[in-house]
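Worksheet: the structure to be examined is printed underneath.
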Amino acid sequence: KVTTLVNTSNKGPSGKKKGRSKKAHVLAASVEQATQNFLEKGDQIAKESQDLKEELVAAVEDVRKQGETMRIASSEFADDPCSSVKRGTMVRAARALLSAVTRLLILADMADVMRLLSHLKIVEEALEAVKNATNEQDLANRFKEFGKEMVKLNYVAARRQQELKDPHCRDEMAAARGALKKNATMLYTASQAFLRHPDVAATRANRDYVFKQVQEAIAGISNAAQATSPTDENKGHTGIGELAAALNEFDVSI
């Protein structure tokens, strides 16, 4: 849920006293603070991202612009809560703000997936290098590099797993990560045995089997990562929940 205040303009007149609303000003300030907190997180995401950087920066600026429009509109409405015109302006501003926030979340999610897929490609290349090792020393060197890339991949995949809102996708990601870790551990010994006994069919078959298991685990991580987008206000990038809650409270209370 990333839309609130949708029905605000359709509400009928209430029995509340008309005029300047002190509580509305407090709630408007809460929305402003929540927007600022979200912007700080958005700035950090854009700064750290290596993918879609320009798009993320532009999206953050749009949130900042819409947040300022919402601040002005909500403050003016709080000064004159019986004005249907100001109420409508405030509702449109809230919708525009949440639309901008949603776009930023989608872009940030896309950047996360692109980062993970980039790591997966590097691991696949390192895996192929291990498979093509010509001797035990060569294998040791290549497997060391493979291990380094595996550590990086596991960190990114674990973060993505936490952000997935679909329990089934989270389970798939966890299973794929577990399978990758398990088979990567066996990869070195299977490859070493093959290099020592290249003419033995069993050692070749065992090595090829382990490699296939690693490849399938990598594919499992890729599939799970792209299965869903964490746009629920209580999951994914932190900050949207606070902002949505503040806007919702403002809507309900006025």
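Derivation of every value follows stated rules applied to the coordinates shown; laboratory data play no part. None of these values were measured; they are calculated from a predicted model. Note: ideal-geometry Cβ built from the backbone for every residue, glycine included; neighbour counts use all protein chains shown.
The figures follow:
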| read-out | value |
| --- | --- |
| Pairwise FRET efficiency - Thr102 versus Lys23, Cβ, R0 = 45 Å, nearest 0.05 | 0.95 |
| Förster radius 22 Å - calculated FRET efficiency between Glu54 and Lys152 (Cβ-Cβ, nearest 0.05) | 0.35 |
| Potential extension, Lys144-Ala175 segment - 0.36 nm per residue separation minus Cα distance | 8.8 nm |
| Length added when fully stretched, Glu216-Lys121, from 0.36 nm per residue minus Cα-Cα | 32.9 nm |
| Greater than 31 Å apart at Cα, pairs in Lys131/Lys152; Lys53/Lys148; Lys65/Lys148; Lys121/Lys165; Lys53/Lys212; Lys41/Lys182 | Lys65/Lys148; Lys53/Lys212; Lys41/Lys182 |
| Sequence ranges 71-77, 24-30, ranked by mean other-Cβ count within 10 angstrom, highest first | 71-77, 24-30 |
| Relative contact order of segment 113-225, pairs being alpha-carbon contacts under 8 Å that are 6 or more residues apart, as % | 34 |
| Highest-first arrangement of 177-189, 107-119, where packing means the average Cβ count within 10 Å | 107-119, 177-189 |
| Order by protection proxy (mean Cβ within 10 Å, highest first), peptides 134-140, 78-84, 33-39 | 33-39, 78-84, 134-140 |
| Charge dipole (segment 113-225, unit charges on Cβ, about Cα centre) - positive-most of Gln162, Leu187, Ala202 | Gln162 |
